[in-house]
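The values are calculated or read from the model by the stated rules, or taken from the named source; none is laboratory data. It should be emphasised that the depicted structure is a prediction, and the values quoted were computed from it without experimental measurement. Cβ placement follows ideal geometry from the backbone for every residue including glycine, while neighbour counts extend to all protein chains displayed. Remember, those area values only see protein heavy atoms, side chains included, never the ligands or the DNA or RNA. Shrake-Rupley method; radii C 1.70, N 1.55, O 1.52, S 1.80 Å.
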Amino acid sequence: MVFTLSSTRLPSAARSSGLPSRRSGSNGGRRSSSLSFLPRKISVACSSFDTDSASTEVADSEKVLIPGVAGDGSSSAVPPERPEASSDNIEGLQEVIGLPMENEDDIKTDQPSAASSALNVDGEGKIDADETSATTESVTEEVKNETIPSSDGGIHVKPRTIHPPGTGQRIYEIDPLLKAHKGHLDYRFNQYKNMRELIDKHEGGLDAFSRGYEKFGFIHSATGITYREWAPGAKWAALIGDFNNWNPNADVMTRNEFGVWEVFLPNNADGSPPIPHGSRVKIRMDTPSGMKDSIPAWIKYSVQAPGEIPYNGIYYDPPEDEKYVFQYPQPKAPKSLRIYESHVGMSSTEPKINTYTNFRDDVLPRIKKLGYNAVQIMAIQEHSYYASFGYHVTNFFAPSSRFGTPDDLKSLIDRAHELGLVVLMDIVHSHASNNTLDGLNQFDGTDTQYFHSGSRGYHWMWDSRLFNYGNWEVLRFLLSNARWWLEEFKFDGFRFDGVTSMMYTHHGLQVEFTGNYNEYFGFATDVDAMVYLMLVNDLIHGLYPEAISIGEDVSGMPAFCIPVQHGGVGFNYRLHMAIADKWIELLKKKDEDWKVGEIVNTLMNRRWLEKCIAYAESHDQALVGDKTIAFWLMDKDMYDFMALDRPSTPRIDRGIALHKMIRLITMGLGGEGYLNFMGNEFGHPEWIDFPRGDQILPTGKRVLGNDNSFDKCRRRFDLGDADYLRYNGMQKFDRAMQHLEEEYGFMTSEHQYISRKDEGDRMVIFERGNLVFVFNFHWTNSYFDYRVGCLKPGKYKMVLDSDDKQFGGFGRLDPSAEYFTADGHYDGRPRSFLVYAPSRTAVVYALAD
């Protein structure tokens, strides 16, 4: 395997974790169907019924652009004090392998950064001395408190504090295997601490640094509008748009020594703003690639005119009486997170692009009724290519105009808060669209402004650009972007996309993650990206204590969900991506070939003290070329045999039964949170296929499209609501499952015990919280008087039965039956009770008293 040694890649001590090799992350960690089992430290016990045990290439480094010193075109605007480990500067490597290195206290820190000099200006471009004050000491950063409406109609002041970095040493207590890689991890933490200190010194702290949107882009003041843009590669620049008849000579910009261009437009004579709300704007630049017009990088809204291909930047600043004002407080983060993953555009039952307002009025009440407490919205950031599912972002600060205006989105979020739903945003900071017309790619005419140069800056599988997280202005841009969505739109947190791709220079492509710790801490680890992830989690959890951060990681990176102060990456949750792949793997086999031990081990295979979001399937499994679980189970029979007035088929009966069991056991054992993609709760048929025309490849081969049809780019909620279809029973079961978790909170209970994994009977029995779960995966065998071990004595009752007729089952169990415990150890439990366990059925029991 070939790795690239770049500016901050570190070696680590060679020590195997002793964990089993399972799967490969060959598809880049986001769209992969080959996921690793996560190494774990399990805090639950199992009975004896557990029958299933299961050369380096060195690349030229990029140089650092020091303010006042000439550099090459690929340089980054990082303050000179930042230590770099490169092929020309090996001090960082010396630290890791124990060689003496320069004392950090001797590094000079008296020169201002390009960033601080660029930003410490008022609305008319004058230096503001107060904004330059900072300290290099690691102290708690006091920031402005947030004033929010409270549920009683009053005002609640939420304190905001960004805590000091801490020591970063507790990870070694949590996971002793990390001690073998202490050199790498301590170096990573020191790089993070150094960056915090540099931000404190030159920017006044993370709070000020993450408010770049108040200085860059269009800033409206009482006297006019200042437009400011960082474009170091440009030789000349002018602001153009409808407001000046696109005259490039009307508003020529001036450049400072750090590549920041600026122009101030005074108000009109009548006091009106110089740029009308809703008018088109662009920046024209003379660049190394020639003259070009670009959408401002910090644009807040962009629109594609009918019949046109490029987007237009829109100056979005409605009058005060037209701006949406939030009415409802943000809910507290739920202890048990039940996420409804959704896409606004495809959320209509009709073949069209849906809107924020329709989603607000039609879909949010549905989510609430189903029993979910969080909605995760995809494709919010503007993306010129609809079929990218929102992952090829062109305008990072702009809500997608396909669905409505920014104020429409605010109204949607406010309505969700009124319903008690937290709103998570699927944020993309792992890569960007390679679109040079609408996005950041070659914004200033160079290949290296926001991204790495050459192959390191290009993701060949996603056909997108990769950020240079070691660049000071890139850090400002991305940190400010995260804060913008939390601050301006009141999102309650993020699901960070493609984190595996960020953390490694190989991006998880054609790499097999086996659980060996050497795979996580070595030359292939992108320390700059790790520092960024630590900083953004610092920002999120410091300024917004109730905010939630979820990382999409397939590799199983240790300490991923451990707080930054303890040496971790700082996420609240990791997506448990191996589960969905395990289900697809099993669904390709006959029932007789399923191993219940493998199912349980996959669900339980997660790291100690690191919370996971479990899911049986997400949007990935619904895309064209793949199949949903329901379609894997029932296939073409779904077209003809889902009506209740027609006879069923064995395939339909099996499919409905297993669809319910798969989802319940995933929620029951898979993590501390649960996710479902919209429509899959009732077994949405077929796949997702975005409208697309025919394509001609460079080879001349024609790839057929779908005639730009929206037929399979919508959600048929009417199927789940129709009481004459079998989809309705599946939807009712999912709702009952969510409400059961709401009542008992079993996903976050500390009590969890697996008492039986019986390969012969195909039985799985476990306790979670105060509930006892009994699963019979056998395709024909039903068991009378089956003994179930339990902890607590008393009378038990059924609280959920997948075989209930209202859920599309056969009604083989009496819902009024009572089950009394008997003393005596069984399956490692002090008591037990007898049940009837029908084939392909899951039943949940709770104490009746």
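Near CYS612, the amide H atoms lying under 5 Å from its own belong to ARG574, GLU672, GLY673; only residues 5 or more places off or on other chains count, and H is placed 1.01 Å from N. Qualifying chymotrypsin sites (Phe, Trp or Tyr not before Pro) in segment 752-794, where qualification requires a DSSP coil assignment and no more than 16 other C-beta atoms within 10 Å, comprise TRP779. Extension gain for PHE326 to ASP626 (0.36 nm times residue separation, less C-alpha to C-alpha distance): 104.0 nm. The string of couplings for segment 818-828 from the Karplus curve (6.51, -1.76, 1.60, θ = phi - 60°) is 10, 10, 9, 7, 10, 6, x, 5, 8, 6, x Hz, one whole number per residue in order, with x for Gly and Pro. With the cut-off at under 11 Å, measuring from each backbone N in segment 378-406 to a point 7 Å along the Cα-to-Cβ line of ILE696 picks out no residue. Qualifying GluC sites (Glu not before Pro) in segment 439-526, where qualification requires a DSSP coil assignment and no more than 16 other C-beta atoms within 10 Å, comprise GLU512. In the context of the full protein assembly, MET530 retains an accessible surface of approximately 0 Å², using a probe radius of 1.4 Å and ignoring ligands and nucleic acids. Label-to-label distance, ARG651 versus ASP242, with points set 7 angstrom from Cα along the beta-carbon direction: 5.4 nm.
Using DSSP to define loop residues, name the chymotrypsin sites (Phe, Trp or Tyr not before Pro) in segment 482-543 whose beta-carbon has at most 15 other beta-carbon atoms within 10 Å. Don't skip to the end; give the middle numbers.
Details: sites: TRP484, TRP485, PHE489, PHE491, PHE494, PHE496, TYR504, PHE513, TYR517, TYR520, PHE521, PHE523, TYR532; in loops: PHE489, PHE491, PHE513, TYR520, PHE521, PHE523.
Of the chymotrypsin sites (Phe, Trp or Tyr not before Pro), not one in the loops of segment 482-543 has a Cβ with at most 15 other Cβ atoms within 10 Å.
Karplus-based coupling profile of segment 534-543, in residue order and whole Hz: 5, 5, 5, 6, 4, 4, 4, 7, x, 7, with θ = phi - 60° in 6.51 cos²θ - 1.76 cosθ + 1.60 and x standing for Gly or Pro. Once both labels are positioned 7 Å from their Cα atoms along Cα-to-Cβ, the gap between GLU743 and GLU308 label points is 5.6 nm. Computed extension gain for LYS590 through THR167, at 0.36 nm per residue and net of the alpha carbon distance, reaches 147.1 nm. Taking Lys and Arg as +1 and Asp and Glu as -1, the other residues whose beta-carbon sits under 10 Å from that of LEU813 total -3. Going through the cross-link list LYS589/LYS627; LYS335/LYS797; LYS201/LYS332, which pairs have a Cα-Cα distance over 22 Å in this structure? From LYS589/LYS627; LYS335/LYS797; LYS201/LYS332, over 22 Å: LYS335/LYS797; LYS201/LYS332.
Ordered by 1.4 Å accessible area with all protein chains kept, THR446, THR602, THR780 run largest first as THR780, THR446, THR602. Does a label point 7 Å from the Cα of LYS797, set along Cα-to-beta-carbon, have any residues of segment 808-826 with amide nitrogen under 20 Å, and which are they? Backbone N within reach: 811-822.
Between amide H atoms placed 1.01 Å from N, distances below 5 Å from GLY705 occur with ASP694, GLN695, all of them 5 or more places distant or on a separate chain. Calculated FRET efficiency, GLU598 to ALA269, Cβ-Cβ distance, R0 = 60 Å: about 0.20 to the nearest 0.05. Within straight-line reach of LYS215, meaning a Cα separation under 16 Å, sit the following lysines at least 8 residues removed in sequence or on another chain: LYS126, LYS300.
What is the gain in length, in nm to one decimal, between GLU350 and ASP814 on full extension, counting 0.36 nm per residue of separation less the C-alpha to C-alpha distance?
On the way: separation 464, 0.36 × 464 = 167.04 nm, distance 4.07 nm.
Contour length minus the Cα-Cα distance gives 163.0 nm.
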